[in-house]
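Data first, discussion second: the structure below is written as structure tokens.
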Amino acid sequence: MKLWLEKVWSKHPGGLLKKPSLLVCNQFKAHVTESTKRLATKLKMHLAVIPGGLTRQLQPLDVSVNKPFKGFMHEEWAKWIEAPTHHVTPAGRVKQPSISNVCEWVKNSWQRVKSETNVSLSKNVALAMH
């Protein structure tokens with residue numbers, strides 16, 4: 001978490017100028033350590049921690065888009081790993097999927113995520129920003 005804050009978050013617009021910012025995160029242990037909190041203070045960042053059990057209300061993308069997408073990706077991987085046409089290493093282990101395999105999985109999985117979900121979420125986000 002500290003590495004991500006230093007290498008990614010601090011590079012967001014205004015981050016280098018140390019303008020105050022807000023990061024909303026869940027209660028994952030790495031998000032709430034004392035060292036993370038100290039670094040957040042140093043970066044003029046306020047941490048807002050979402051209480052457990054509120055993901056459905058406060059992180060709609062996790063529920064309506066990310067979760068089904070990850071499930072579809074898992075299905076794509078399962079189909080691939082169960083197929084009898086794998087290349088294997090000399091030790092007999094299955095070689096990792098190619099970049100083109102993974103890109104195809106992403107494409108197929110994204111197409112399966114309900115487009116009306118994305119449109120509805122976009123409208124809700126736009127309304128919330130006004």
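Return the subset of Lys70/Lys114; Lys7/Lys42; Lys37/Lys67; Lys7/Lys67 for which the Cα-Cα distance in this structure is over 19 Å, preserving the input order.
Too far apart for the 19 Å limit: Lys37/Lys67; Lys7/Lys67.
So which trypsin sites (Lys or Arg not before Pro) in segment 43-100 are both in a DSSP loop and have at most 10 other Cβ atoms within 10 Å of their Cβ?
Arg93, Lys95
Please report the net charge: other residues with Cβ closer than 11 Å to the Cβ of Pro68, K and R +1, D and E -1.
Summing Lys/Arg as +1 and Asp/Glu as -1 gives +2.
Once the cut-off is 18 Å, how many percent of the Cα-Cα pairs in segment 2-49 end up in the long-distance tail?
Cα-Cα pairs in segment 2-49 separated by more than 18 Å: 17 percent.
Suppose each label sits 7 Å from its Cα in the direction of the beta carbon; what would the Asn101-Ser35 distance come out to in nanometres?
3.6 nm
Every read-out reported here was derived from the displayed coordinates using simple, explicitly stated rules and does not represent laboratory data. Just so it is clear, the model here is predicted, and its values are computed rather than measured. A quick note on method: Cβ atoms are made from the backbone with ideal geometry, for glycine too, and the neighbour counts reach across all protein chains shown.
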